[in-house]
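Presented below is the structure to which this report refers.
The values are calculated or read from the model by the stated rules, or taken from the named source; none is laboratory data. In this text the structure is predicted, and so the values were computed from the model without any measurement. Cβ coordinates were reconstructed from backbone atoms using ideal geometry, including for glycine residues, and neighbour counts include every protein chain displayed.
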Amino acid sequence: ALAADLGDEECRKLLESAGHYIAMSIANAISFLNPEKVVLGGSLIQDNAVLHDSIMSGIKEQVIPELYKDTKIEKSNLGRFASAMGAATLFLKGFYQ
């Protein structure tokens with residue numbers, strides 16, 4: 001991801017391609033489930049504009065415009081430790097039950 005940010009064209013193309021396929025999956029979920037909100041998380045999403053922009057443009061291209069405008073799509077505000085916080089929450093929930 002850093003290489004793409006520094007101008008490596010091959011890395012940029014790879015991230016754009018990955019973003020296209022991720023967008024396809026998210027677009028299918030939006031089309032079938034019609035959620036109010038989709039939250040994108042993970043360090044690659046948080047730290048890489050190329051991947052994020054590719055995902056966002058892919059979703060916009062693939063989702064019916066009415067569904068797209070009704071679905072809020074945002075980055076997670078939990079940062080790069082979201083998975084660890086989720087695991088800790090599950091542990092503590094099980095520990096105290």
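Just a few scattered comments:
- The lone exception for G58 - which of (1) in contact with a strand residue (DSSP E or B) (Cβ under 8 Å, 6 or more places away or on another chain); (2) within 30 Å of E10 (Cα to Cα) it fails: (1)
- Selection status of L78, surrounded by fewer than 16 Cβ atoms within 10 Å (Cβ to Cβ) and either of a type in the set (K, R) or farther than 30 Å from D8 by Cβ (or both): no
- With respect to the conditions (1) at pLDDT 95 or above; (2) hydrophobic (A, V, I, L, M, F, W, C); (3) touching a helix residue (DSSP H, G or I) at 6+ places or on another chain (Cβ under 6 Å), F32 falls short on a single one, namely (3).
- Meets criteria (surrounded by fewer than 17 Cβ atoms within 10 Å (Cβ to Cβ), over 19 Å from A27 (Cβ atoms), hydrophobic (A, V, I, L, M, F, W, C) and under 12 Å from the mean Cα position of the chain (by Cα)) for A84: no
- Any chance A1 is surrounded by 15 or more Cβ atoms within 10 Å (Cβ to Cβ), in contact with an Asp or Glu (Cβ under 9 Å, 6 or more places away or on another chain) and at pLDDT 95 or above: no
- Within region 13-34, tally of residues that are of a type outside the set (A, V, I, L, M, F, W, C) and surrounded by 15 or more Cβ atoms within 10 Å (Cβ to Cβ): 3
- Test result for L51, touching a strand residue (DSSP E or B) at 6+ places or on another chain (Cβ under 9 Å), modelled with pLDDT under 95 and among the hydrophobic types (A, V, I, L, M, F, W, C): no
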